[in-house]
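This report concerns only the one structure given below.
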Amino acid sequence: MSDAYIALADGRVLEARARSPGRTRGELVFTTAYTGYEESLTDPSYAEQILTFSYPLIGNYGVRSERFESESVQPRAAIARELTDDVAEWLAGEDVPAVDHVDTREIVTTVREEGAMACGIAAGPDATPEDAVEEMEACKPMSDHVDIGAQVSVSEPTVQEGDGVADVALIDCGAKGSIISSLTERGADVHVLPYDATPEDVADVDPDVLFVSNGPGDPENFVAAQAVVDAFAGDLPMAGICLGQQVITSALGGSTEKMAFGHRGVNQPVRDLRSGKVVMTTQNHGYTVDDTGPLEVTQVNVNDDTVEGLDSTDLDVITRQYHPEANPGPHDSLGFFDEVLELAEATPPVAAD
Ligand SMILES: NC(=O)CC[C@H](N)C(=O)O
């Protein structure tokens with residue numbers, strides 16, 4: 001007998017098995033990633049979403065906190081064909097509902113055909129289909145989470161020290177830990193500032209480069225980060241990843257739009273228009289840049305031609321829609337962080353004799 005229910009906005013209620021009990025709601029999305037479940041489940045960009053894994057077995061190499069991208073589980077719930085006990089116990093310990101023994105192919109097909117949609121989950125011995133429907137009906141559209149940055153950002157500035165080769169002011173809109181460590185490992189000191197930092201807060205850091213991080217939800221809601229970009233445009237080099245690309249583009253006069261079902265996975269092909277080379281990338285986004293404003297398109301998605309990389313030599317801007325820092329990989333695009341530090345005119349550390 002089923003002890004979990006998944007209610008979809010199109011009226012269907014799917015039966016499943018409860019692996020971590022609870023009731024919740026969120027925007028239903030899917031990832032095709034076959035590794036990196038710990039990284040995905042701790043990626044702050046998944047806040048307010050219910051994450052379906054299309055790969056049928058999730059958890060086969062255990063759960064280790066060294067691989068986490070943030071301190072907590074970020075999606076509101078997880079759905080898989082089969083979750084291992086390790087993952088189910090981890091999610092139960094974090095009070096995040098999880099269900100399996102459901103046809104995830106049906107969920108993925110539905111999201112691909114009808115788009116990311118409101119979803120409700122009820123899991124556990126007393127769960128009923130009506131509970132799941134009630135949750136689904138209370139689910140807000142993503143763009144209505146206007147202050148979602150407050151859920152995922154640091155509340156006070158912090159500094160992650162590298163080797164002093166450059167000062168990076170990083171606006172934390174829900175940054176993945178590996179974005180920060182990719183910069184500190186290259187010697188940069190990263191000044192992590194809250195998502196609502198002001199231009200004065202950034203000026204106090206006197207950075208060599210401004211970096212806007214990834215993050216959840218609608219980039220148009222990150223008005224403070226857009227104001228910071230606007231204030232320093234042309235005066236300070238800038239870089240951004242994912243939400244960072246979207247925020248920088250909007251602030252410079254371009255715009256973004258919601259995609260039908262987005263890109264979430266670890267094998268999204270991206271073509272660099274200058275070299276002609278294609279690299280495999282990790283992605284997690286539901287919005288895309290549609291008007292690039294003053295920025296030039298440098299990279300595109302091979303599957304659907306959406307914008308994957310932008311730059312401006314006049315404004316010293318370089319951005320990526322995908323995740324060059326990707327753990328556990330692919331690591332084909334890690335060179336992005338070297339380009340960011342070149343933009344900052346970082347001084348290489350003096351080699352020891
Ligand atoms: N990973 C991200 O930064 C995601 C950006 C944005 N929230 C989107 O869904 O498109």
Computed accessible area, Lys258, all protein chains, 1.4 angstrom probe, square angstrom: 90 Å²
Out of Pro216, Pro97, Pro157, a Gaussian network model of the chain with alpha-carbon springs under 10 Å gives the largest mean-square fluctuation to Pro157
If one builds a Gaussian network model of the chain from Cα atoms under 10 Å apart, the most fluctuating residue listed among Thr198, Thr256, Thr158 is Thr158
Using a 1.4 Å probe on the protein heavy atoms, what percent of the accessible area of the stretch 243-283 belongs to carbon and sulfur? 50 percent
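Can you tell me how the stretch 212-302 classifies by the Cα gyration tensor, rounded, prolate or oblate, using a/c under 1.5 as the rounded cut? Before the final figure, lay out the partial values.
On the way: a/c = 2.02, a/b = 1.37, b/c = 1.47.
Verdict is oblate for the stretch 212-302.
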Starting from the amide H of Gln49, placed 1.01 Å from N in the peptide plane, find each other amide H under 5 Å away whose residue is 5 or more places distant or on another chain. Glu27, Arg76
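Let me have the 222 nm mean residue ellipticity of the chain computed from DSSP H runs of 4+ only, each contributing -39500 (n - 2.57), with the sum over all residues rounded to the nearest 500. Mind showing how you got there, number by number?
Working: 10 runs with 81 residues, N = 353.
Calculated from helices alone, the mean residue ellipticity at 222 nm is -6000 deg cm²/dmol.
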Which whole-Hz couplings ³J(HN,Hα) result when phi for each residue of the stretch 288-296 is put into the Karplus expression 6.51 cos²θ - 1.76 cosθ + 1.60, θ = phi - 60°, listed in order with x for Gly and Pro? 8, 7, 10, 10, 8, x, x, 8, 9
Farthest toward the dipole's positive end in the chain, which of Ile180, Asn303, Asn327, given Cβ charges of +1 (Lys, Arg) and -1 (Asp, Glu) about the Cα centre? Asn303
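By the gyration tensor of its Cα atoms, with a ≥ b ≥ c the square roots of the eigenvalues, what is the shape of the stretch 26-86: rounded for a/c under 1.5, prolate for a/b over b/c, or oblate?
Values: a/c = 1.80, a/b = 1.05, b/c = 1.71.
It is oblate, given that a/c is not under 1.5 and a/b is not larger than b/c.
Rounded if a/c is under 1.5, else prolate if a/b is larger than b/c, else oblate: which is the stretch 133-235, with a ≥ b ≥ c the root eigenvalues of its Cα gyration tensor?
Because a/c hits 1.5 or more and a/b exceeds b/c, the stretch 133-235 counts as prolate.
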Label point distance in nm, Lys277-Asp305, each placed 7 Å from Cα along Cα→Cβ: 2.5 nm
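Give me the percent of accessible area attributable to carbon and sulfur for the stretch 139-230, probe 1.4 angstrom.
On the way: 1490 of 3500 Å².
Answer for the stretch 139-230: carbon and sulfur cover 43 percent of the accessible area.
What is the local net charge at Glu161, summed over the other residues whose Cβ is closer than 12 Å to its Cβ (Lys, Arg +1; Asp, Glu -1)?
Values: positive: none; negative: Asp163, Asp167, Glu185, Asp189.
Cβ neighbours under 12 Å give a net charge of -4.
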For the chain, the Cα convex hull volume per residue in Å³ comes to 131 Å³
SASA check, Leu315, accessible area w/ 1.4 Å probe, all protein chains in place, rounded to nearest 10 Å², comes out at 40 Å²
For Glu106, project a label point 7 Å along Cα to C-beta. Then give me every residue of the stretch 12-44 with its amide nitrogen under 18 Å of that point. 12-19, 28-30
Rounded to whole Hz, the Karplus (6.51, -1.76, 1.60) HN-Hα couplings of the stretch 100-109, x for glycine and proline: 9, 6, 9, 6, 5, 5, 5, 5, 4, 4
For Thr281, distant residues with modelled amide H under 5 Å away: Gln268, Val270
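For the stretch 71-164, count the residues as N, evaluate 2.2 N^0.38 Å, and divide the Cα radius of gyration by that value, please. Let's see the in-between values first.
Numbers: Rg = 17.1 Å, N = 94, 2.2 N^0.38 = 12.4 Å.
In units of the 2.2 N^0.38 Å rule of thumb, it is 1.39.
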Compute the angle between helix 223-232 and the longest alpha-carbon principal axis of the chain, please, reported from 0 to 90 degrees and rounded to the nearest 10. 10 degrees
Leading residue at positive end of dipole, the chain (Cβ point charges), from Ser40, Ala127, Leu273: Ala127
Loop-resident GluC sites (Glu not before Pro) in the stretch 136-241 with no more than 11 other Cβ atoms inside 10 Å, DSSP not H/G/I/E/B, are Glu161
With contacts defined as alpha carbon pairs under 8 Å and 6 or more residues apart, what's the relative contact order of the chain in percent? 15 percent
What residue among Asn303, Asn284, Asn221 has the largest mean-square fluctuation in a Gaussian network model of the chain, using Cα springs under 10 Å? Asn303
Amide H contacts under 5 Å for Ala118, placed H, 5+ residues apart: Ala9, Leu28
Paired Rg and Dmax values of the stretch 116-166, which use every Cα atom, in angstrom: 19.3, 57
Send over a whole-number figure in Å² for the accessible area per residue of the chain, probe 1.4 Å. 40 Å²
Residue by residue through the stretch 319-327, what is 3J(HN,Hα) from phi via Karplus (6.51 cos²θ - 1.76 cosθ + 1.60, θ = phi - 60°)? Round to whole Hz and write x for glycine and proline. 9, 9, 7, 8, 10, x, 6, 2, 10
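The values are calculated or read from the model by the stated rules, or taken from the named source; none is laboratory data. What you see is a predicted model; the values in this text were computed from it and never measured. FYI the Cβ positions are ideal-geometry reconstructions off the backbone, even for glycines, and counts take in every protein chain you see. In case anyone asks, the SASA skips ligands and DNA or RNA and just uses the protein heavy atoms, side chains included. Shrake-Rupley method; radii C 1.70, N 1.55, O 1.52, S 1.80 Å.
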